[in-house]
Amino acid sequence: MNNNPASQTSFAPSATPRQVAGLLASATLMVLASGVAPHDRADWWLENVLPLALLLTLAATSRYWRFSWHAYLAIMVMLAIHELGAHFTYAKVPYDAWLRALTDHSLNAWMGWQRNQFDRLVHLSYGLLFVLPIRELLQRQALLRGGWLALCTVSFVLATSALYELLEWIGGQYLGDDRAQAFLATQQDPWDAQKDMALALLGALFSLLIQWFGLCKLWGRRVCLEDRHG
C-alpha cells in the first residue's frame with residue numbers, strides 16, 4: 001500500500017490487512033475481558049467511550065489507510081494499560097500489592113508515594129507510545145519532516161492530553177461525587193491534570209529521542225541527517 005510517493009524511501013511499511021485485523025480483534029478481546037466484573041461498571045463504560053471510538057475509526061479506515069505494524073502495536077500496548085485501569089478504576093489498580101506478592105517489597109514505600117500512581121503511568125505511556133502513530137500520520141499525510149515533524153508531534157500529544165483533561169472535567173461536573181472520583185482519579189491532588197499533561201509531554205519527548213537515535217542506527221547517518229534537516 002502506497003500512502004504517498006515518499007513512503008517508498010523513508011516511511012515504515014504499512015501493516016498488512018491481516019495484521020490489522022488480528023490486532024483489532026485482540027484489542028476487542030482486551031476491552032471485553034476488562035468488562036468482566038469490573039470494580040465500577042459505570043466507570044468502565046465511561047473509560048471505554050474513547051477506546052471504542054478509536055477502534056471503530058481504525059477498523060473503518062484500515063481499507064484506505066494503515067499505520068505501520070509498530071504503530072498499531074504501540075496503540076495496542078497503550079490500550080492494554082488503559083483497560084487495566086478501566087477494570088479496577090485508575091485509582092485502585094493493585095500494582096503495589098502484586099509487586100509485594102512477587103518480591104515482598106513495596107514500590108510505593110520505596111518511592112515514598114502516598115497515592116496510587118497508576119494514572120501517572122497511563123499518561124506517561126500515552127506520550128511514549130502514541131508518538132509513533134501520531135508521527136506517522138503527520139509524516140505521511142502532512143508531509144512534515146525534521147524539526148517541524150517533531151514539534152507538531154509533541155504539540156499534538158500535548159493538545160490531546162489537555163483535551164482529555166477537559167473532557168474529564170466536563171464529565172466530572174455531571175457525575176455524583178463517588179463516580180466523579182472514580183472517573184477523574186485525582187486522589188485529592190489539585191495539580192493532577194497538570195501533572196498528567198506534563199508526563200504525557202515528557203513521554204513524547206523521550207520517545208522521539210529514542211526514535212531519532214533508532215533511525216540513525218537502522219538507516220544510517222545520511223538518512224538521519226536528512227530527517228533532522230529536512
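Laboratory data are not the source of any read-out in this text; all were calculated from the coordinates shown. Given the structure is predicted, the values throughout are model-derived calculations rather than measurements. No Cβ is skipped: glycine too gets one built from the backbone with ideal geometry, and neighbour counts run over all protein chains shown.
Want the number for HIS105 to PHE206: 0.36 nm per residue separation, take away the alpha-carbon distance, what's left?
Stretched fully, the HIS105-PHE206 segment lengthens by 33.5 nm.
What order do you get for ASP96, ASP196 when you list them from fewest to most C-beta neighbours inside 10 Å?
Ordered by Cβ neighbours within 10 Å, fewest first: ASP96, ASP196.
Output wanted: per-residue J couplings in Hz (rounded whole) for segment 48-62, from phi through Karplus 6.51 cos²θ - 1.76 cosθ + 1.60, θ = phi - 60°, x for Gly and Pro.
Each residue's phi maps through the Karplus curve to give 9, 4, 5, x, 5, 5, 5, 5, 5, 5, 4, 5, 5, 9, 5 Hz.
Gain in length, GLN19 to GLN114, computed as 0.36 nm per residue apart minus the alpha-carbon separation, to one decimal in nm?
30.0 nm
Report the local net charge at TRP110: Lys and Arg +1, Asp and Glu -1, summed over other residues whose C-beta lies under 15 Å from its C-beta.
Spelling it out: positives minus negatives among the neighbours equals 0.
First measure r as the distance between the Cβ atoms of PHE11 and LEU151, then evaluate 1/(1 + (r/R0)^6) with R0 = 22 Å and state the FRET efficiency to the nearest 0.05.
About 0.70, to the nearest 0.05.
Taking 0.36 nm per residue of sequence separation and subtracting the Cα-Cα distance, how much length would be gained by fully extending the chain between TRP69 and LEU54, in nm to one decimal? List each step's numbers first, then the result.
Values: separation 15, 0.36 × 15 = 5.40 nm, distance 1.65 nm.
Separation in residues times 0.36 nm, less the Cα-Cα distance, equals 3.7 nm.
For VAL20, VAL157, which order do you get if you count the other beta carbons within 10 Å of each Cβ and list the fewest first?
In order of increasing Cβ crowding within 10 Å: VAL20, VAL157.
If you count, for each residue, the other Cβ atoms within 10 Å and average over each peptide, how do 83-94, 59-70, 143-154, 101-112 line up from highest to lowest?
The peptides rank, most packed first, as 83-94, 143-154, 59-70, 101-112.
Between TRP45 and TYR95, how high is the FRET efficiency from 1/(1 + (r/R0)^6) when r is the Cβ-Cβ distance and R₀ = 22 Å? Nearest 0.05. Intermediate results must be reported in sequence, preceding the final value.
On the way: r = 23 Å, r/R0 = 1.05.
It comes to 0.45.
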